[in-house]
1. In Å², what does the accessible area per residue of region 1-96 work out to with a 1.4 Å probe?
2. Under a plain spin-label model, where a point goes 7 Å from the Cα along Cα-to-Cβ, how far apart in nm are S102 and M1?
3. Net charge within 11 Å of Q55 by Cβ-Cβ distance, Lys/Arg positive one each and Asp/Glu negative one each, not counting Q55 itself?
4. Suppose R0 equals 25 Å. What FRET efficiency, 1/(1 + (r/R0)^6) with r the Cβ-Cβ distance, do R38 and S92 give to the nearest 0.05?
5. If Lys and Arg each add +1 and Asp and Glu each add -1, what is the summed charge of the other residues whose beta carbon sits under 15 Å from the beta carbon of M1?
6. Suppose the chain between Q55 and E29 were pulled fully straight at 0.36 nm per residue; how much longer would it get relative to their current alpha carbon spacing?
7. For region 1-66, just list the percent of Cα-Cα distances falling in each 10 Å bin from zero outward, please.
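The values are calculated or read from the model by the stated rules, or taken from the named source; none is laboratory data. Keep in mind that what you see is a predicted model, and the values were worked out from it rather than measured. Neighbour counts are summed over all protein chains in view; Cβ atoms, including those assigned to glycine, are modelled from backbone coordinates with ideal geometry. For the accessible areas, the whole protein counts, side chains as well, though only heavy atoms, and no ligand, DNA or RNA atoms are used. Shrake-Rupley method; radii C 1.70, N 1.55, O 1.52, S 1.80 Å.
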Amino acid sequence: MEHFAKWSYHISFPELATAPLIQLKKVFERTSVESFKRVIKRFIDQVELNIGFVQKKREEVPFSPKDQQSVESFLQVEKRNGNTPFTQYYKSIMSKASSRKSISHRKSPGKGKKKMQHPHGNIDMVATDS
């Protein structure tokens, strides 16, 4: 996801997104877990929206690909404003993830229980003798 977010403003985003998008579509087709399929489908849709957005903006530019300075400044106003379809999607996903993370850190194990580190990295809740 970060790959797409990083390149979502670049003039070559449609080409950069093609190979990963093909792989995502294959994963989507092979996945049978409906909740996972919904997440993948939404992700694919957002990438495709951004591809369309960048392609439309590319059609409007008066410069050639050889004009490196213009290529580098492509979509800089949109980048400052966070104004591409994928960036808005990415921000919402990261915000939700951050909220979940802060909520899980605030939860305590409860009275009479303590956290025990499992040898394989899992945390188990065990009753304490009080």
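1. Value for region 1-96: 65 Å² per residue.
2. Reported label-point gap for S102 and M1 is 1.7 nm.
3. So the environment of Q55 carries a net charge of -1.
4. Efficiency, from the Cβ-Cβ distance: 0.95.
5. After counting each charged neighbour, the total is +2.
6. Working: separation 26, 0.36 × 26 = 9.36 nm, distance 2.62 nm.
Roughly 6.7 nm would be gained on extension.
7. Binned Cα distances yield the sequence 20, 46, 24, 8, 2.
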